[in-house]
Each structure stands twice: as structure tokens, then as C-alpha cells.
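Q: Quick one: structure below, then a few questions.
The values are calculated or read from the model by the stated rules, or taken from the named source; none is laboratory data. Because the structure is a prediction, the values reported are computed rather than measured. Please note: Cβ atoms are built from the backbone with ideal geometry, for glycine as well, and neighbour counts cover all protein chains shown. SASA here: full protein model, heavy atoms, side chains in, ligands and nucleic acids out. Shrake-Rupley method; radii C 1.70, N 1.55, O 1.52, S 1.80 Å.
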Amino acid sequence: DANYDPDFNKSAKKLIEFYNMVYPKNRVAGIMAINFSFIENLLRILNKIKLKDQIITEKNLFMYLSSNTADIDRHDAKSIGNRKKIIDSLFKNITKKCIISIHKYHQLNKLIKESFTKKDIQIWLNDSKIFKNDIPQFNYDKNSDCLAIIESNFLGGKSNRYIRRNIFREIQLDNNIANIKTTIIWEHLGKFNPPLSTIYRGYVRVFIPKEAIRLSPETSKANKKFNIFDAKLKIVPEEKNMMQFEYSLKGNFLDSGKYQFKYIKQSGVYDELLIESYTLPIKYTFKNLSSKNKLFHENVCSMKQLIDTDIEHNLKIARSNNSPRIISHDFINPSIVEIKFNEPVRFSNDKNKGNITFYHKKFGKEFQVSKIDWINNTTLNVHIEKIPNKEEEFYILELNNIENETGIPIKDFPRKITVVYRSQYFHK
């Protein structure tokens, strides 16, 4: 409930602050945070333990504890006060079996290491001589992107076990600016079953770079490192909730040839999927991308992965060596041929009319090009004088000295394209 920051060092200090409100004279030596899933994983290795008259395994642990802490006399103060004492016995028995299971030390050691990586275990101590506080702080490089989604579960029972969180990020990179649109969708997969699956209530804080601009909606808070979106969550069993925001980042992403992104996993969130799409200008492409969890098509890259630890991308960007493509070439009126390209192009010399010739496909008769118009450098309108008004005639339009902004010429030299004049389109 006091999980307020993606940096556990800061969350630990906030926990101490809350604790000292109740116990001001007590000095807190340290904080250990352990997720319930770690206990389940321990039991998977230990196989089973005995607790009172019950045999407890990984599969029945949650229901056993839930039943013992929830199925009580709710009008008896003693029952309410003692409802979680079963946890003391549980931990003592698990600890004892871990110590005596010498033949499983290797598996237990591996689990503990993995649990630190996945944030199933987090430790903060005041005395660095006892334990080195090497918990990574949530830092990111300037001119790079980052995201952390931190939830505090208020009065939601154990409903967080039934919540699926999907994150969709759309990143458009253009003119040394990144435009990022993020959508978070929460799904409550449980049916109404108090006190386990009930209405999920939480407080979510989303951390993005301090350098972010053009925020939509406006962030409600900011600190020295981050802009922060926040919202209250309420998700009814079998329903969904959504949060959406947009921002931009300035940076020399295209010139430097890289785009960096860091996602900080929240401890205790397990059913979480990150789906991203990156789009570059047509004249750029991604390079040296591994195929794992990535789909790459020219200037577009999409990624999808389950989140079980922090994620870091370092996407390499390069200029494309593909030739400009002609995507259409037609008469748009009796004397103008329109040619559209898939990207901005230009003449590679200072000439204008001399770069284009127009003649009859069958008889070779040449017609004069009177004018050439460029529209946004992607559309070329060629004005032709005295086209005969016939039912159907085929002509050749020949293009010379056309290249894109990086100097790559169009395919073939010169490029000959066929255009068809049909009088029925212009004269009725």
C-alpha cells in the first residue's frame, strides 16, 4: 500500500516515514519486501511442509492462507487480531525445511538470485556493513525514453492476483523528435468471490522523463527526475479500465542513430505484456535487430514481450539505401501527368525541363514539356502541350536525374514509364 516509487530505496524510506508516525521511538534497521510468489516458488522446490494438521504445497498455499485469514468471526476482536498469526508458523516451518534440505541448496540459491532480478525480493538496510545496498536506482540517460507504472493496492483484498496489465506504446520518430502515445489496459479476470476476487482499488503513478514536452493530459506532479501522471483505479470483476497519455521527446535520435528506452518492472506484477511499435521516416531503417520478440519491416519495428524483469532497448537507426519508388503515374487532366513518389525526391542537377521527355509509345513522336511543378517534393506534375484528344493513346514519360534526399537515384536510368490518355475520362 506504500509502494509509491519505482526506486525501492525511496519506497523504503517512505515506509519508514509511515512506520514512524505510529512508532516514533523505534529505529528501523532495514526493510525486506518479499512477494507471495517467492514463497510459492520455495514450496515448489521443497515439495511440501506440514502446518498443524495440513500438508501445504505450492498449489494449495494461497487458498489455505486465504481461508485461515478470511474465514473468521468478524465480531470477535481476538479472532480479528490473531487472523494472520498463521503466517508466523508458516515462515518458521519453511525456514526450518530450507536449512535441513542440504541437497537442495543449489536450487534454493538459484531461486534467490532470480528473485532479486525479478524483484520478488527487495532489501534495504541502514547499515551497509551488514548488507550492501546495491538496489539499482531508476536512472535513465538524457535524450532517452523511460517508463515505470507503479500501483498501490488499496482495499482490494487479493484482487491484484486477478489483474492483467497490458501496455501499448506507439513511437513515431521524425525530425529529431519522438512522439509517444501510451495506453494501459487493466483487466480483472476474476469473478466476484470475496475476499479474494473483489473490486480492485488502486492508486497508479506513471513515471516518464522529466524532459518530456507536449504532455497530454498535463501531468499532475513532477519531481527532479520525472514527470508523473497519476490516477485512481477501480476495476470491477470481469471488467476493464484504461489510462492513456501522450508526450514528446526532443533528441538527436536520427542523427545519432539510436533510440534508448528503459522499462522498470513493478515488483509483484506478473501478468503483464508490453507491446510496442516504432515508426521511422521512410528514408530510415532499423539495423542489427535480433529476431527475438521483434518484427521488422523496412521503417517499422514491432515488439511484444511478457515482463518478468526490467527491460532496456537500444535500437540502432540507419539511413535506408532503398531507391525511391514511383507509386502512381496518370493523366489528371488532358495536359497534365501526375507522378507520385513514396518519399521526397529532387532533380540531381539544376535543369528542369531537360530531365523529362514525353513521346508516343508506338510512333515515337515527341511532345513538348511546357512546365514542371513540384508538390511537397513527393508529387511531380508534368504539363504537356497539344495532346491529341483520342479515345485511347499510350505514351512514354522518361525521367532523368531524380534522386531522394540522401542522393539515391530512382531505379533504372533513365526511367521510362507508360501513361495512358483516355478521352472518356475528360470529355463526356
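Q: Among the numbered criteria (1) of a type in the set (Ser, Thr, Tyr); (2) open to solvent by 50 Å² or more (accessible area, probe 1.4 Å); (3) part of a helix (DSSP H, G or I), which single criterion is violated by Tyr4?
A: Tyr4 satisfies every listed condition except (3).
Q: Related question: Please work out which residue is surrounded by the most Cβ atoms within 10 Å (Cβ to Cβ), limiting yourself to the range 25-57 and to residues that are part of a loop (DSSP other than H, G, I, E, B) and of a type in the set (S, T, N, Q). If you could, list the steps in order and put the result at the bottom.
A: Filtering the range 25-57 down to residues part of a loop (DSSP other than H, G, I, E, B) leaves 25-29, 35, 47-48, 52-53, 57.
With of a type in the set (S, T, N, Q) added as a condition, the list becomes 26, 35, 47, 57.
Working: Asn26: 10, Asn35: 18, Asn47: 12, Thr57: 15.
Taking the candidates together, the pick is Asn35.
Q: How many residues does the range 342-359 contain that are touching a residue at least 24 places away in the same chain (Cβ under 8 Å) and open to solvent by 40 Å² or more (accessible area, probe 1.4 Å)?
A: Step one: of the range 342-359, the residues touching a residue at least 24 places away in the same chain (Cβ under 8 Å) are 342-349, 351, 354-359.
Right, trim to open to solvent by 40 Å² or more (accessible area, probe 1.4 Å) and you get 344, 346, 348-349, 351, 354, 359.
Final tally of qualifying residues: 7.
Q: How about the range 231-270: which of its residues are at negative phi, modelled with pLDDT of 90 or more and among the acidic types (Asp, Glu)?
A: Within the range 231-270, Glu239, Glu246 qualify.
Q: Do the conditions hold for Glu187, that is, is it without any contact (Cβ under 8 Å) to a residue 60 or more places away in the chain, of a type in the set (D, E, K, R) and on the phi < 0 side of the Ramachandran plot?
A: Considered against the rule, which asks whether it is without any contact (Cβ under 8 Å) to a residue 60 or more places away in the chain, of a type in the set (D, E, K, R) and on the phi < 0 side of the Ramachandran plot, Glu187 comes out as yes.
Q: Looking at the range 197-211, which of its residues are open to solvent by 10 Å² or more (accessible area, probe 1.4 Å) and of a type in the set (A, V, I, L, M, F, W, C)?
A: Ile199
Q: In the range 393-426, which residues are over 22 Å from Arg325 (Cα atoms), assigned to a loop (DSSP other than H, G, I, E, B) and at pLDDT 90 or above?
A: The answer is none; no residue qualifies.
Q: Any idea which of (1) in a loop (DSSP other than H, G, I, E, B); (2) in contact with a Ser or Thr (Cβ under 8 Å, 6 or more places away or on another chain); (3) hydrophobic (A, V, I, L, M, F, W, C) is the one Leu289 doesn't satisfy?
A: The number of the failed condition is (2).
Q: Consider Asn321 against the criteria (1) open to solvent by 40 Å² or more (accessible area, probe 1.4 Å); (2) of a type outside the set (Gly, Ala, Ser); (3) over 16 Å from Arg415 (Cα atoms); (4) part of a strand (DSSP E or B): it satisfies all of them except one. Which criterion is unmet?
A: Looking at each condition in turn, Asn321 falls short on (4).
Q: Please indicate, with yes or no, whether at least one residue in the range 332-341 is among the small types (Gly, Ala, Ser) and surrounded by 17 or more Cβ atoms within 10 Å (Cβ to Cβ).
A: Of the residues in the range 332-341, the ones among the small types (Gly, Ala, Ser) are 335.
Filter again for surrounded by 17 or more Cβ atoms within 10 Å (Cβ to Cβ), leaving 335.
Looking through the range 332-341, at least one residue is among the small types (Gly, Ala, Ser) and surrounded by 17 or more Cβ atoms within 10 Å (Cβ to Cβ).
Q: With the requirement that a residue be open to solvent by 50 Å² or more (accessible area, probe 1.4 Å), in contact (Cβ under 8 Å) with a residue 24 or more places away in the chain and over 22 Å from Asn404 (Cβ atoms), what does the range 360-382 give you?
A: Those that are open to solvent by 50 Å² or more (accessible area, probe 1.4 Å), in contact (Cβ under 8 Å) with a residue 24 or more places away in the chain and over 22 Å from Asn404 (Cβ atoms): Lys361, Lys362.
Q: Among the residues of the range 390-428, count how many are of a type outside the set (Gly, Ala, Ser) and within 17 Å of Lys361 (Cβ to Cβ). Quick ask: steps written out before the conclusion?
A: Taking the range 390-428 as the starting set, the residues that turn out to be of a type outside the set (Gly, Ala, Ser) are 390-406, 408-422, 424-428.
With the extra rule that they be within 17 Å of Lys361 (Cβ to Cβ), the set shrinks to 390-399, 412, 414-422.
The qualifying residues number 20.
Q: Kindly indicate the residue of the range 292-307 that is part of a loop (DSSP other than H, G, I, E, B) and farther than 26 Å from Ser267 by Cβ and also modelled with the highest pLDDT among those meeting that condition.
A: Among them, the one singled out is Asn299.
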